[in-house]
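> One structure, as structure tokens, below. Some questions next.
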There are 2 protein chains.
Amino acid sequence: MSNEIENLCAKKGVRLTDQRKLIAKVMAESEDHPDVDELHKRVTKIDNKISIATVYRTVKLFEEAGIVSKHDFKGNKSRYEQAPEEHHDHLIDINTGEIIEFVNEDIEKLQNEVAEKLGYKLVDHRLELYGSKIKK
Amino acid sequence: MSNEIENLCAKKGVRLTDQRKLIAKVMAESEDHPDVDELHKRVTKIDNKISIATVYRTVKLFEEAGIVSKHDFKGNKSRYEQAPEEHHDHLIDINTGEIIEFVNEDIEKLQNEVAEKLGYKLVDHRLELYGSKIKK
DNA sequence: ATAATTGCAAATGCTTTGCTTGTGA
DNA sequence: TCACAAGCAAAGCATTTGCAATTAT
């Protein structure tokens, strides 16, 4: 009955309230990258007393605990996804808003090389591709 | 007496007011990536009647005309730079906030390949590296 | 002349926060 | 029990906008 996010909360000593459990559940079941409003809509279907402030507080809490990842794509409000096992980047369909995840080791390696060459240790990065579907 | 940005405005049919000339001048002379507040501070030193609303309107106008580029780095307000001749990406020093520009053709090429492989035409992208200086 | 631009202040949209009541460990 | 969390409404912050006065062409 418990999900990955709940397990991580327990492990990290994050107190599990009904609201947090519900938000965790909804996030764990989301295949997309919902924003706070969308999350609030989804949890409200199950418990209509949860306030949007709680959703804001909870995603922030989860993010700080490394349980979820936050993304600020161009021109949108912040969107969230369960923190992935392995890093990936995103391609955003500029027509539909659809988000496709991808991994490219070569780019990752080159990023490290670039940073190093400039005298920096790479701590974090952001790579987003914006494109339109090629019709066949 | 006129700068690159003023020339571009003329070419694009953007009406040149005193305020816009001044903002163009300040942007053209900026080596860094100032935000709107900082731009407002800089123009105010020369003309203290310019309102922040005008700065907002002007950077937006310039951006839509392709004259300046807007960047939303992590955790900061929007920052602007004169639109570069040739594309570059940014490395942000997470300790000082300093921004270093770089170009890497290999990464650019790989981005196109990734998009293509996913069935997309790459229209735009965002690549930001966040790092800390390696002390020697 | 007159359509576009400015300055000001008010409005917006997303997010955070203070405070009182409620609750998980 | 009691420190912490939730709900609500108010505040915050960056940015946008309505409107009357001003200005570039």
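> Among the residues of the stretch B:37-77, write down those that are among the hydrophobic types (A, V, I, L, M, F, W, C) and closer than 17 Å to B:ILE5 by Cα.
If the condition is that a residue be among the hydrophobic types (A, V, I, L, M, F, W, C) and closer than 17 Å to B:ILE5 by Cα, then B:LEU39, B:VAL43, B:VAL55, B:VAL59, B:LEU61, B:PHE62, B:ALA65, B:ILE67, B:VAL68 are the ones that fit.
> Within the stretch A:25-53, which residues are touching a Leu at 6+ places or on another chain (Cβ under 9 Å), closer than 18 Å to A:HIS71 by Cα and within 12 Å of DNA strand C (Cβ to nearest atom)?
Those that are touching a Leu at 6+ places or on another chain (Cβ under 9 Å), closer than 18 Å to A:HIS71 by Cα and within 12 Å of DNA strand C (Cβ to nearest atom): none in the stretch A:25-53.
> Looking only at the stretch B:62-77, count every residue that is surrounded by 12 or more Cβ atoms within 10 Å (Cβ to Cβ) and in contact with a helix residue (DSSP H, G or I) (Cβ under 8 Å, 6 or more places away or on another chain) and tell me the total.
Summing the residues that are surrounded by 12 or more Cβ atoms within 10 Å (Cβ to Cβ) and in contact with a helix residue (DSSP H, G or I) (Cβ under 8 Å, 6 or more places away or on another chain) in the stretch B:62-77 gives 6.
> Moving to a separate point now. How many of the residues making up the stretch B:1-20 are surrounded by fewer than 18 Cβ atoms within 10 Å (Cβ to Cβ) and more than 8 Å from DNA strand C (Cβ to nearest atom)?
Of the residues in the stretch B:1-20, 10 are surrounded by fewer than 18 Cβ atoms within 10 Å (Cβ to Cβ) and more than 8 Å from DNA strand C (Cβ to nearest atom).
> Determine which member of the set A:ILE100, A:ILE107 is at pLDDT 95 or above and either of a type in the set (D, E, K, R) or part of a helix (DSSP H, G or I) (or both).
Result: A:ILE107 is the single residue among A:ILE100, A:ILE107 that is at pLDDT 95 or above and either of a type in the set (D, E, K, R) or part of a helix (DSSP H, G or I) (or both).
> Residue by residue through the stretch A:96-136, note down the ones that are out of contact with any His (no Cβ under 9 Å at 6 or more places or on another chain), more than 18 Å from B:LEU110 (Cα to Cα) and more than 7 Å from chain B (Cβ to nearest Cβ).
Listed by number, the residues that qualify are A:THR96, A:GLY97, A:GLU98, A:GLU116, A:LYS117, A:LYS135, A:LYS136.
> Answer with yes or no whether A:LEU61 is of a type in the set (A, V, I, L, M, F, W, C), over 19 Å from the mean Cα position of the chain (by Cα) and on the phi < 0 side of the Ramachandran plot.
The answer is no for A:LEU61.
The values are calculated or read from the model by the stated rules, or taken from the named source; none is laboratory data. All values derive from a computational prediction rather than experimental measurement. We place every Cβ from the backbone using ideal geometry, glycine too, and count neighbours over all the protein chains shown.
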